[in-house]
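A short write-up of the structure that comes next.
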Amino acid sequence: MDAIVDESTPTPAPVRSRGPLVAGVVLGAVAAAVATVVLANGLASPAPTVEAGPPRDQGARAEPTLAPSPTPVAFTAADALAGAAAAAAQFSPPSLASGQYLRHAWTETTLALVDPDPSSSGWSSPDYGIARGMASGGWTITRSGSDYSPADPHSDWYREWGAPSVTGTYGAATPSDRGVESLLQAYGTGQPLYTEGGAPTLPEGSGETFVWYLDNMPRDPQAMLDWVIDRQGEDAAGWVEGKAGWFLIGILSYNAGDPAARAAIYQALGLLSGTTVGPEIAGTRTLTFDAHLASPDAGGISLRRYTLTIDMSTGLVTETSTTSDVGTGVIPDAVPDHRITYAMSIVDGLP
C-alpha cells in the first residue's frame with residue numbers, strides 16, 4: 001500500500017526565483033514615474049513668446065536696419081605733406097652697381113605768348129614779356145630729355161634733350177604764325193649728352209647746386225623756410241612765400257639727395273598758406289599752392305599757381321607746374337606756363 005501511495009502522489013514543481021521579474025517591474029515603474037515628472041514639468045514651463053514686429057505688405061521683403069556711418073574726415077594738404085615727408089624719410093634711392101646711373105627722364109611743356117609788336121620776334125614768355133592775361137593767344141612747346149645721376153649725387157651729373165615741337169595752339173595764334181619759326185629756333189635742335197661738372201644748379205639760386213642746399217639748409221621746417229626767404233631777399237608784396245615755395249619744389253623735383261632733408265622740405269611746404277590737395281590717383285596726389293603777385297603788367301595783383309604731384313609711397317615728385325595770371329586771358333588755366341613730368345629708371349651706362 002505504501003508503494004501504491006508513493007507512485008500516485010504528484011511530484012511538486014521546482015520553485016523558480018522571481019528576482020528578475022520584480023526588478024523589471026520596479027525599473028519600469030521608476031521609468032514611468034520619471035517620464036511623468038518630465039512630461040509634467042514640460043507642460044508646466046511657459047511657452048516661448050515672439051515679439052510682434054511692425055506690419056508690412058504681403059510679399060514685401062524685410063530690409064535690415066544699418067547703423068549710421070561715421071562722418072568722413074576730409075584729407076587735407078597738411079595730411080598729404082605729412083605723408084610725403086614720412087615716405088621721403090624712409091625712401092632710399094636704389095643701389096647702383098659700378099658704371100650704372102639713375103636716369104631722371106623728363107618731359108617739359110612751355111607756354112609762349114603771341115607778341116603783336118612788329119619789332120619783336122612774334123612771341124614772348126609769360127615771365128619776360130607781355131603778361132599771360134593780356135595775350136591774344138599762344139603756343140605750347142614740348143621737348144623731352146634726361147638727367148643721369150651717379151650713386152653719389154655730389155659727383156658729376158649728365159644731361160641731354162631732344163628737339164622741340166609745337167603741341168598746342170590757343171586763342172588767336174595759329175601754327176603758321178611768324179613767331180613759331182623763331183620760337184623753335186630759340187629752343188634749338190636738341191642738346192647731346194654733356195656734364196656741368198657736378199650736380200645741377202637751381203635757376204632761382206646763386207649758382208649753388210641743389211645738393212648744396214640739401215646739405216646746408218636747416219632741418220627744422222620753420223627755420224628752413226625763414227632761411228630760404230632770407231637768402232632770396234625782399235620781393236613784391238605777397239610774393240615772398242610763393243617764391244620760396246617754388247624754390248623748395250625745384251629742389252624736390254630732382255628726386256635725389258638726403259632723405260631726411262627732403263622730408264624737412266615737405267614739412268616746410270606745409271607751413272605755406274593757400275594750399276589744397278586733390279584726390280589720390282594711382283598712388284599720387286597733386287598739391288596746389290596759390291600765391292598773389294603784385295604785377296603791373298597784369299593790372300595790379302595777379303594769382304600765380306604752383307602744383308606739385310607726389311608719389312605718396314616714396315615721396316618722389318612726378319610732376320610740377322606753374323601758371324601765372326590765373327583766371328584771366330584767353331588761354332585756359334589748365335594750360336600752365338610751365339609743366340615738367342618725371343620718371344626714374346636704372347641704366348647700365350651713359351648713352
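3J(HN,Hα) couplings calculated from phi for segment 131-143 with the Karplus curve 6.51 cos²θ - 1.76 cosθ + 1.60 (θ = phi - 60°) are, in sequence order, 6, 4, x, 9, 6, 7, x, x, 10, 10, 10, 10, 8 Hz; Gly and Pro show x. In a fully extended conformation the segment linking Y194 and V240 would gain 13.1 nm over its present Cα-Cα distance, using 0.36 nm per residue. Working note: Karplus 6.51/-1.76/1.60 with θ = phi - 60° gives segment 318-335 the couplings 10, 6, 9, 7, 9, 9, 9, 6, 4, x, 10, x, 8, 8, x, 4, 5, 9 Hz, where Gly and Pro are set to x.
Decide, for segment 208-351, between rounded, prolate and oblate: order the square roots of the alpha carbon gyration tensor eigenvalues as a ≥ b ≥ c, take rounded if a/c falls under 1.5, and otherwise choose prolate if a/b is larger than b/c, else oblate. Intermediate values should be presented prior to the final figure.
Numbers: a/c = 1.80, a/b = 1.26, b/c = 1.43.
Oblate, since a/c reaches 1.5 and b/c is not below a/b.
Going by the alpha-carbon gyration tensor, a ≥ b ≥ c the square roots of its eigenvalues, is segment 234-288 rounded (a/c under 1.5) or, if a/c is not under 1.5, prolate (a/b greater than b/c) versus oblate? Since a/c reaches 1.5 but b/c is at least a/b, the shape of segment 234-288 is classed as oblate. Computed from label points 7 Å out along Cα-Cβ, the spacing between Q185 and A282 is 3.9 nm. Between S98 and A78, residue separation times 0.36 nm minus the direct Cα-Cα distance comes to 3.2 nm. How large is the convex hull of the Cα atoms of segment 94-226 per residue, expressed in Å³ as a whole number? Roughly 163 Å³ of hull volume per residue. Qualifying GluC sites (Glu not before Pro) in segment 160-216, where qualification requires a DSSP coil assignment and no more than 15 other C-beta atoms within 10 Å, comprise E196, E204, E208.
Projecting label points 7 angstrom from Cα along Cα→Cβ for A223 and V326 puts them 3.2 nm apart. Peptides 98-106, 320-328 ranked from most to least packed, by the mean per-residue count of other Cβ atoms within 10 Å: 320-328, 98-106.
Coordinate-derived values only; no laboratory data. Quick caveat: nothing in here was measured; it's all calculated off a predicted structure. A quick note on method: Cβ atoms are made from the backbone with ideal geometry, for glycine too, and the neighbour counts reach across all protein chains shown.
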